Amino acid sequence: MMEKTLKLLRSFDGVLEVAPVEGDDVPPIAWGDHFFYYAPDGIAPRRQPYATIITKNYPDDVSSDLDRPGRWRLNIHVGRELVAELTPDASAAASDPAAPDPAASDTAASDTVLPHPLYGRQGWIAIVEPGPATADLTERLLRQAHDDDRRRVTRSGD
């Protein structure tokens, strides 16, 4: 399913995929992951991507259990309001800055839309191993995130 998601993301106009591999001039922890931007000039911008595919646990992000063989997680920036709509536990945290970052009871559940385990309050959702249950929503959210990034770039002249 990761190849299908990559194929979809790569089909968007003006998309830039940054996919570090061993030996690239980036921290080794990022090797094997994928970061997506609207950047029709092909130059990696100095802003957050609108979507990422993560293939392993990071030191501060282990709750999705990505170190098991074949597991991966799609992260999409959808905005705080949509995180609250899509994830039942996020509503209170989105409206209360003092609340802990939203997290579902099982952050390692596959094919389920969850608030991102670290960045849910910043408007990110996470889907571990997207599959049939989330396929249509995933495509819609990825297209929307790409379009939102394009609008931000076009508006700012970035």
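Miscellaneous remarks
- Residue match in the stretch 66-78 (condition: free of Cβ contacts under 8 Å to residues at least 40 places away in the same chain and surrounded by 13 or more Cβ atoms within 10 Å (Cβ to Cβ)): no
- Count of the stretch 45-62 residues which are part of a loop (DSSP other than H, G, I, E, B) and under 15 Å from the mean Cα position of the chain (by Cα): 7
- Every residue from the stretch 108-136 that is touching a residue at least 60 places away in the same chain (Cβ under 8 Å) and closer than 20 Å to residue 58 by Cα: 126, 128, 129, 130
- Enumeration of residues in the stretch 35-45 that are touching a strand residue (DSSP E or B) at 6+ places or on another chain (Cβ under 7 Å) and surrounded by fewer than 19 Cβ atoms within 10 Å (Cβ to Cβ): 42, 44, 45
- Criterion applied to 70, 42 was being among the small types (Gly, Ala, Ser), outside any helix (DSSP H, G or I) and at pLDDT 95 or above, and the one residue passing it is 42.
- The residue of the stretch 11-34 that is surrounded by the fewest Cβ atoms within 10 Å (Cβ to Cβ), among those that are touching a Phe, Trp or Tyr at 6+ places or on another chain (Cβ under 9 Å) and within 15 Å of residue 146 (Cα to Cα), is 13.
- Residue among 36, 12 that alone is in contact with a helix residue (DSSP H, G or I) (Cβ under 6 Å, 6 or more places away or on another chain) and outside any loop (DSSP other than H, G, I, E, B): 36
- Flag for residue 155 being modelled with pLDDT under 95, of a type in the set (D, E, K, R), farther than 20 Å from residue 13 by Cα and in a helix (DSSP H, G or I): no
The values are calculated or read from the model by the stated rules, or taken from the named source; none is laboratory data. A quick note: this is a predicted structure, and the numbers were derived from the prediction, not measured. Positions of Cβ are generated from backbone atoms using ideal geometry, with glycine treated the same way; all protein chains shown enter the neighbour counts.
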